[in-house]
1. Where in region 101-154 are the strands (runs of 3 or more DSSP E), entirely inside, with at least 2 residues that are away from ligand 2 (no atom under 16 Å from the Cβ) and touching a Leu at 6+ places or on another chain (Cβ under 9 Å)?
2. Among the residues of region 131-149 satisfying the criterion of being in contact (Cβ under 8 Å) with a residue 60 or more places away in the chain and in contact with a Lys or Arg (Cβ under 7 Å, 6 or more places away or on another chain), which is surrounded by the fewest Cβ atoms within 10 Å (Cβ to Cβ)?
3. All but one of (1) within 16 Å of ligand 1 (Cβ to nearest atom); (2) charged (D, E, K, R); (3) in a helix (DSSP H, G or I) hold for Glu169; state the number of the condition that does not hold.
4. Can you name the residue in region 102-126 that is buried (at least 20 other Cβ atoms within 10 Å of the Cβ) and not aliphatic (A, V, I, L, M) and, of all such residues, is nearest to Met163 (Cα to Cα)?
5. Only one of (1) acidic (Asp, Glu); (2) away from ligand 1 (no atom under 13 Å from the Cβ); (3) under 28 Å from Thr116 (Cβ atoms) is not met by Glu138, so which one is it?
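A short reminder: the numbers here are calculations on the coordinates, not readings from a lab. Computed from a predicted structure; not experimentally measured. Positions of Cβ are backbone-derived with ideal geometry, glycine not excepted, and every protein chain shown enters the neighbour counts.
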Amino acid sequence: MAKRPILIHPDPRLKAVAEPVGAITDEIRQLGADMLETMYDAPGIGLAAPQVGVLQRVLVMDCVKDETQPPRPMVLVNPEITWSSEEVSTYEEGCLSIPEQYADVERPAEVDVRWTALDGSEQSERFAGLWATCVQHEIDHLNGRLFIDYLKPLRRQMITRKMVKLKREKARA
Ligand code: K1U
Ligand code: ZN
């Protein structure tokens, strides 16, 4: 396993629509393992392949927050939302590609998701709570959408300016 660098907004790769994965290869299994290591190290509860510069439809997540519970690392290939609840919930979201910026985002409270697992099997599950918020945030990444795209233009611009400044400072350091 290897940690991969996380892209910081703005970056054209974070605005691109990722390509479906054709087959589960060793390269995809390696990508999943590297993404989990990168996510746990950050630390984060999710990560999508475009955030590490790979424009393929792969995401990882583990939303187990209670440290007395065992971790649940998940790798979802070609995930698709097949049902969304009418009920919505609001969560103060963050993003590893937009460090230290948080905002309330309203999304369906529950979603059904279908995906391919790393053993090639087809899976589906209903997600609720933080898992539902996270899987929708990560699928948005696969479609080139960031949580700040749900905000009013002025707030989005302010956050983007802060990120441009942060990237400039990081490049100088
Ligand atoms: O996709 C990402 O950028 C990861 C992001 C996922 C996410 C967070 C909140 C709501 C929806 C999706 C993060 O993991 S940000 C970091 C974070 O939330 C966290 C970090 C440490 C402990 C607990 C949470
Ligand atoms: Zn994110």
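1. Ranges flagged: 110-116.
2. Gly144
3. Condition (1) is where Glu169 drops out.
4. Across region 102-126, the extreme among qualifying residues is Arg107.
5. Failed condition: (2).
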